Amino acid sequence: MEFKKLKKSHKKQIVIGAIAICVIGGALTFATTRAKYKLTQDIPLVRGTINYKMPDLRIVAINTSEDGTNYTETNTVPTSGYQLNTTKSICKIAATDTKDEEITIEYKEGKVNILGVTKKGTRCYLYFDKKEPTGSDIILDNIIVKEGTPDFSKVATTDEGVYKVEDGMYGGYSYYWRGAVTNNYVRFGGFCWRAVRINGDGSIRLIYDGTTCHANGTSTTDSIAVASTKYNTSYNNSSYVGWTYSIGSQRTLSGTSSDAKTQLESWYNSNIGNNTTYSSKIADGKYCNDRNVQSGSSWTAVGSSFNYSASTRRDSNSPTLACNSNDVYILKVGLITMDEVMYAGGKNADNVSYYLYNGQSYWTMSPSDWSGSGYAGIFRVDYGGFLGGYYVNNTYGLRPVINLRSDVTFSGGNGTQSSPYVVQ
């Protein structure tokens with residue numbers, strides 16, 4: 001993208017895709033841009049009712065290095081394979097040749113954002129270091145991200161590929177697999193896993209697939225669950241939908257652990273947490289136990305029946321990765337959510353073709369309803385791939401979900417069943 005001089009106008013709002021306004025000051029975005037340009041005129045910008053003028057700013061040099069020591073000047077911002085050297089990259093006030101401490105330089109998805117420019121005569125110098133491709137880099141290089149939004153009113157029975165969606169918990173965008181995909185197998189910790197999505201922070205969310213890697217549509221005796229358990233033994237209070245709960249409270253992030261949480265964490269500690277090599281590759285993941293109730297209803301511990309918000313999203317075909325901050329658990333291991341099952345291709349209809357089906361029933365982490373007659377409900381995926389709410393005192397499988405750190409690397413594989421990605 002070439003930057004052109006913009007004529008000064010005080011009567012018309014100018015919307016520029018490459019320029020955003022932060023609360024404190026201006027922000028410029030550069031993507032594979034010619035380096036030595038200069039905005040020689042003030043550009044009128046509008047943020048709500050606050051007018052703000054961007055001072056002139058020049059990118060003096062863009063430099064790349066293969067070894068972190070020797071740099072070569074270039075005229076483009078690298079699109080991938082590099083990381084911003086935040087120590088060397090700097091913006092100065094030309095008149096004094098001093099660093100402007102108010103300016104922040106960010107680099108993500110091949111774009112540089114320069115935030116907080118308030119002084120004329122600002123000059124920026126950018127430095128990028130070559131980095132070893134991470135697991136998420138390798139995966140994204142091997143896939144084509146689909147445009148648009150799939151039809152969530154239908155189950156996904158074919159390989160629909162990978163889509164991109166805003167990530168309400170991690171920020172940025174998440175990339176998720178949908179349907180009968182065959183390129184999301186990962187080998188880690190002596191087990192096979194399927195990649196559910198790449199989170200907005202670059203960590204990789206995996207769901208357990210057993211001791212061996214299974215083909216899609218396979219109903220197998222090799223369990224994809226590590227335990228069979230009631231979500232909660234007690235069921236006659238709506239509080240029992242909580243991953244942790246306190247009787248009489250709609251939500252809590254502490255309190256008493258559910259039976260599912262206790263058993264799942266026991267498995268994790270015995271198989272991954274007790275191995276320093278394995279555990280060092282696990283991120284503190286964000287898991288949503290959404291206890292919001294549907295619009296028009298009120299939460300009660302033992303009163304009238306109501307549905308939780310996840311039921312509304314399933315029925316209205318509108319999954320989301322956003323979550324009430326009071327329902328977000330920071331964990332090493334958790335369960336898949338109803339929304340993630342929908343993104344993967346599940347619905348309240350049988351689906352024996354998508355990658356989450358294995359002919360076995362297992363719990364999600366998403367509350368479904370309170371019956372009013374004394375039963376709390378949680379969503380599960382059943383033996384036919386059907387996504388529905390079931391009482392917490394039923395016994396179903398636990399299918400662990402973990403998050404690999406954003407900096408993990410692979411030693412081989414291409415993501416197929418016969419050659420899964422192997423975590424180094």
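Worth a mention:
- Within the stretch 377-413, the set of residues being within 21 Å of CYS323 (Cβ to Cβ), open to solvent by 10 Å² or more (accessible area, probe 1.4 Å) and touching a Gly at 6+ places or on another chain (Cβ under 6 Å) comprises GLY389, SER406.
- Condition met for VAL423 (within 19 Å of TYR268 (Cα to Cα), open to solvent by 10 Å² or more (accessible area, probe 1.4 Å) and of a type in the set (Val, Ile, Thr)): yes
- Residues being surrounded by 20 or more Cβ atoms within 10 Å (Cβ to Cβ), closer than 26 Å to GLY374 by Cα and of a type outside the set (A, V, I, L, M, F, W, C) - total across the stretch 280-306: 3
- Per the listing GLU102, GLU106, the residue uniquely in a loop (DSSP other than H, G, I, E, B) and not basic (Lys, Arg) is GLU102.
- Selection of the stretch 207-249 for residues being touching an Asp or Glu at 6+ places or on another chain (Cβ under 8 Å) and of a type outside the set (Gly, Ala, Ser) yields THR211, THR212, HIS214, ILE224, THR229, LYS230, TYR231, ASN232, THR233.
- Within the stretch 117-128, one or more residues are at pLDDT below 90, hydroxyl-bearing (Ser, Thr, Tyr) and more than 27 Å from ARG197 (Cα to Cα).
- Check on ALA301, in contact with a helix residue (DSSP H, G or I) (Cβ under 7 Å, 6 or more places away or on another chain), part of a helix (DSSP H, G or I) and of a type outside the set (Ser, Thr, Tyr): no
- Within the stretch 346-376, considering residues that are more than 21 Å from GLY210 (Cβ to Cβ) and assigned to a loop (DSSP other than H, G, I, E, B), the one least open to solvent (accessible area, probe 1.4 Å): GLY374
- Here the condition is being in contact (Cβ under 8 Å) with a residue 40 or more places away in the chain, in contact with a strand residue (DSSP E or B) (Cβ under 8 Å, 6 or more places away or on another chain), surrounded by 15 or more Cβ atoms within 10 Å (Cβ to Cβ) and of a type outside the set (S, T, N, Q); of ARG251, ARG314, it holds for ARG314 alone.
- Set side by side, the residues ASP201, ASP159 differ, and just one is closer than 20 Å to VAL352 by Cβ, within 25 Å of the chain's Cα centre (by Cα) and among the acidic types (Asp, Glu), which is ASP159.
- One residue stands out in the stretch 307-324 among those that are more than 14 Å from TRP370 (Cβ to Cβ) and of a type in the set (A, V, I, L, M): the one that is farthest from the chain's Cα centre (by Cα), namely ALA322.
The values are calculated or read from the model by the stated rules, or taken from the named source; none is laboratory data. Owing to the predicted nature of the structure, the values given are computational and were not obtained by experimental measurement. Neighbour counts run over all protein chains shown; Cβ positions are idealised from the backbone, glycine included. Heads up: the accessible areas ignore ligands, DNA and RNA and are worked out on the full protein's heavy atoms, side chains in. Shrake-Rupley method; radii C 1.70, N 1.55, O 1.52, S 1.80 Å.
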